[in-house]
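Heads up: the structure comes next, in C-alpha cells.
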Amino acid sequence: MPAARERRGGRGPAAGRRRHRDRAGYLFLLPWFLGMLLVVIPFFASLYLAFTDYNLLNDPKWIGFENFREMFADPLYLQSLKVTFTYTFVSVPLSLAAALLVAMVLNRGVKGLPVYRAVFYLPSLLGASVAVVLLWREIFGREGIVNAFLGWFGVQGPSWTTDPDYALSMLIVLHVWTFGSPMVIFLAGLRQIPTMYYEAAAVDGASRWRQFRSITLPLLSPIIFFNLIQSLIASFQTFTQGFVMNNGSGGPANSTLFYNLYLYQQGFNQFHMGYASAMAWTLLIVIAVFTGLTFLSGKYWVHYDN
Amino acid sequence: MSINTASPRRAGKRERDDEAPIERFGSTRRSRFTRHLLLSLVGLVMMYPLLWMLSSSLKPNSLIFDDLRLWPTEWAPSNYADGWTALDYDFGVYFTNSLVIVVLSIIGNLFSCSLAAYGFARLDFTGRKLFFVLMLGTMMLPGHVLLVPQYILFSKLGWLNTYYPLLVPNFLATNAFFIFLMVQFMRSLPKELDDAARIDGCGPFRTFWKVIMPLCTPAFATTAIFTFISVWNEFFGPLIYLTDPELYTVPLALRQFVDSEGQSQWGQMFAMSVLSLAPIIGFFIAGQKYLVKGIATTGLK
C-alpha cells in the first residue's frame, strides 16, 4: 500500500484505483475547497492591501510601509492597543482562575452537579450578545444595581458607564462572568485525573495545596494551556462589547476603543481599507507572537503524559 | 489538540459518570454543606443580572431603578407589546430575519462540514494530510484578517444588503471547528462499519449517507446548537453587510434602543432583550448534553 502511494501518475489498475479514490475524496471536499478560496485569497489580498492606500472607489495605490508608520504615530491606534491589552491581560487570567476554581469545587463531588454546571455555563453563551451588553450598561449605570449594592456598604459607586477610568472594568467583569466555557473544559479534564493519585498523596500526608501543586496542576496543564490560547485569541478580537457600550464610538473618552472596533471605524466608517488591512495584519502578528510565546513557555510548564 | 475526545462508546459511560457525584474520601457533611453554600452563592450572583432583566422587563419604567426588588410591585406587561412595535419595523420582522439566517446557516454547516469531515476522517486521497493541516490552520486564523477583502469581494458581487455574505460561507465549510468536531467523532466509529458497507457494494457516498450520517447525530446536534447560538448572537457580520432596516437581525434591532436618544424606554428594551435571549436559553436547556460534550471535545465556545 505505501509503495503504491509513492508512485504518482502512472497507468495500470493501481493508478486507476487511486484516481477513482482521489475523485471520491475531492468530491466530498468540494464545498470545503470552494470555501478555502474565500479564506486563502482574502488572506493574501489583505496582506497586499496593507501596503496600499485604498478607499473602495479608486484602485489601491502602493505606499509601502506608510500605513504601518502612520499607525504607530496615531494616538487612537495606540489607545486601542492599550485598551485591548489591558482588557486581555486582566480578564483572561481572572476568568481562567475563576473557571479552574469552580471546576475544582464541582469536581470534589456535589449533588446536583448538572444544575450547577448549567447555571455557571449559561452566561458564557450570552456574554457576547447585544442584549447582555445593554443589560450590563444598565446594571452598572449610575443608578444601577451594582451601585445600589455598593451603597449598602456606604460606598459611593462611580458612574461606570461614563467615567473613562471605570468603563473598561465593567466589561472585564462581563468577561469574567462568562467563565463557564473554560470551566466545562477544565471539569472534563479534572475528571480524567485518577482519584488514586490523590488517595496516595493523602496517605503520604500531602496537604490540599500540595496535592493541587503536584497533581492537579501538572496533569491539567495541557488543558490550561489550551484554554489560555483560546481565551487570548478570542479576547484580542473583542468587538461587540466595545461597540454596544457607547454606540460604536469606543467611549467614554476612547476608554473602550477595542482594537477591532477601531479597525471597524477605519475600514467601514471612513473606508480606509488599506489602513484597516494593515491593522488586521498587525493584530494577526501580535496574536501569533503571543500564541508562539505561550507555546514556547509551554515547554516549562505543560506536562504531557506519554 | 490533545483534549479528550469523547468516543461514542465511552460516551455512554461518561454520561452516567457525569450525573453521579463522585464522593471523595474525607468529604464530611460540613464540607459538603460549605461547598453547596459557596456554589449557590456564586450561582445566585451570576444569575442575578438575568433575573433582574426579566423582572425589569415587567416593571413600569419609573420603578426599574427605584425599586430593586426582583418581584415587581407593579406589573407592566405592556412593555412587551409596546417594545414589539417600538422600532421602524415590528420585532416580528427582525425575529423572522434572524430565524431565516439561523436555519439556513445550520443546514449549510451540517451539509458542508459533514461532507468535508467524512472526506478527512475516512477517505484516502492525495494531499489529505496537507489539506487537513490547512484546515486546522484556518481554525486558529482570526477572522478579522479576511474581513476587508471579503467585504470588497461581496460588494463587487453586489451582495451588500443581502444575506448571501452571512450564508454562503456556511455552505462552503468555512467553519473548521465543526469539521474538526465531526472528524473526531467519525474517527471514533468502528472502521468495520465502512468495510461491511463496502463489501455489500456501497460506494463512499452511500456509505456516508446510509451508515455514517445516522450514527453522527450527536455531533450534528452539537454543530446545530453551536451554530444556532453563534449565528443568533452574531453582530459584526450583519452590522457591516446589512444597512436596510428591513433586513436587520434581532441584535441589530436591539441596538437601536440605544440609538434613539430618548433612552427612557428601559422596560421595552429589556422586554425585547428577554425575548432575544429566550431562544438561546431554550436551546441551551434542550441541548445541554450536546453542548457540554461538544466543548469538552473541541474546546469550542
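The values are calculated or read from the model by the stated rules, or taken from the named source; none is laboratory data. Because the structure is predicted, anything quoted here is derived from the model rather than measured. In this analysis, Cβ positions are derived from the backbone assuming ideal geometry, glycine residues included, and neighbour counts consider all displayed protein chains.
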Inspect all residues belonging to segment A:123-136 and state whether any of them is over 22 Å from A:Gln241 (Cα atoms) and either touching a residue at least 40 places away in the same chain (Cβ under 8 Å) or small (Gly, Ala, Ser) (or both). no
How about segment B:46-56: which of its residues are facing chain A (nearest Cβ under 9 Å) and not aromatic (Phe, Trp, Tyr)? B:Met46, B:Met47, B:Pro49, B:Leu50, B:Met53, B:Ser56
Could you tell me whether A:Asn247 is in a helix (DSSP H, G or I) and within 11 Å of chain B (Cβ to nearest Cβ)? no
Since A:Gly274 meets every condition but one in (1) out of contact with any Leu (no Cβ under 8 Å at 6 or more places or on another chain); (2) facing chain B (nearest Cβ under 10 Å); (3) in contact (Cβ under 8 Å) with a residue 60 or more places away in the chain, which condition does it not meet? (1)
What about A:Ala24, is it within 14 Å of chain B (Cβ to nearest Cβ) and either in a helix (DSSP H, G or I) or at pLDDT 95 or above (or both)? yes
Options A:Tyr48, A:Tyr87: the member that is of a type in the set (Phe, Trp, Tyr) and either part of a strand (DSSP E or B) or buried (at least 17 other Cβ atoms within 10 Å of the Cβ) (or both): A:Tyr87
Within segment A:90-111, how many residues are in a loop (DSSP other than H, G, I, E, B) and surrounded by 14 or more Cβ atoms within 10 Å (Cβ to Cβ)? 3
Report yes if B:Leu181 is in a helix (DSSP H, G or I) and away from every other protein chain (no Cβ under 12 Å), otherwise no. yes
Among (1) modelled with pLDDT of 85 or more; (2) closer than 28 Å to B:Asn170 by Cβ; (3) more than 8 Å from chain A (Cβ to nearest Cβ), the one test that B:Ser112 misses: (3)
Among the residues of segment B:115-144, write down those that are within 9 Å of chain A (Cβ to nearest Cβ) and of a type in the set (Val, Ile, Thr). B:Thr126, B:Thr138
Being modelled with pLDDT of 90 or more and out of contact with any helix residue (DSSP H, G or I) (no Cβ under 7 Å at 6 or more places or on another chain) is the filter here, so list the residues in segment A:101-114 that pass it. A:Leu101
Residues located in segment B:172-216, provided they are closer than 16 Å to A:Val39 by Cβ and either among the β-branched types (Val, Ile, Thr) or surrounded by fewer than 19 Cβ atoms within 10 Å (Cβ to Cβ) (or both): B:Thr174, B:Ile179
Selection over segment B:241-252 where residues are closer than 18 Å to B:Lys156 by Cα and surrounded by 18 or more Cβ atoms within 10 Å (Cβ to Cβ) yields a count of 2
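Considering only segment A:194-237, state which residues are of a type in the set (D, E, K, R) and either crowded, with 19+ Cβ neighbours inside 10 Å or within 8 Å of chain B (Cβ to nearest Cβ) (or both).
Result: A:Glu199, single match.
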Among residues of segment A:135-146 being over 16 Å from A:Ile172 (Cβ atoms) and surrounded by fewer than 24 Cβ atoms within 10 Å (Cβ to Cβ), the residue nearest to the other protein chains (Cβ to nearest Cβ) is A:Glu143
Residue list for segment B:229-261, restricted to those being more than 8 Å from chain A (Cβ to nearest Cβ), among the polar types (S, T, N, Q) and within 21 Å of the chain's Cα centre (by Cα): B:Ser230, B:Thr249
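Return yes when A:Ala234 is at pLDDT 90 or above and more than 30 Å from A:Val286 (Cβ to Cβ) and no when it is not.
Taking the combined requirement at face value, the residue does not satisfy it.
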If you scan segment A:114-130, which residues turn out to be more than 7 Å from chain B (Cβ to nearest Cβ) and not in a helix (DSSP H, G or I)? A:Gly127
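Taking the condition part of a helix (DSSP H, G or I) and more than 8 Å from every other protein chain (Cβ to nearest Cβ), does A:Leu150 pass?
Against the criterion (part of a helix (DSSP H, G or I) and more than 8 Å from every other protein chain (Cβ to nearest Cβ)), A:Leu150 qualifies.
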Which listed residue, of A:Thr256, A:Thr240, is more than 7 Å from every other protein chain (Cβ to nearest Cβ) and not acidic (Asp, Glu): A:Thr256
State whether the residues of segment B:132-144 include one that is surrounded by 19 or more Cβ atoms within 10 Å (Cβ to Cβ), closer than 24 Å to A:Tyr26 by Cβ and modelled with pLDDT of 90 or more. yes
Could you list, in sequence order, all residues of segment B:57-91 that are surrounded by 20 or more Cβ atoms within 10 Å (Cβ to Cβ), modelled with pLDDT under 90 and within 11 Å of chain A (Cβ to nearest Cβ)? B:Ile64
Answer with yes or no whether A:Ala118 is closer than 22 Å to B:Leu70 by Cα, among the aliphatic types (A, V, I, L, M), loosely packed, with under 15 Cβ neighbours inside 10 Å and free of Cβ contacts under 8 Å to residues at least 24 places away in the same chain. no
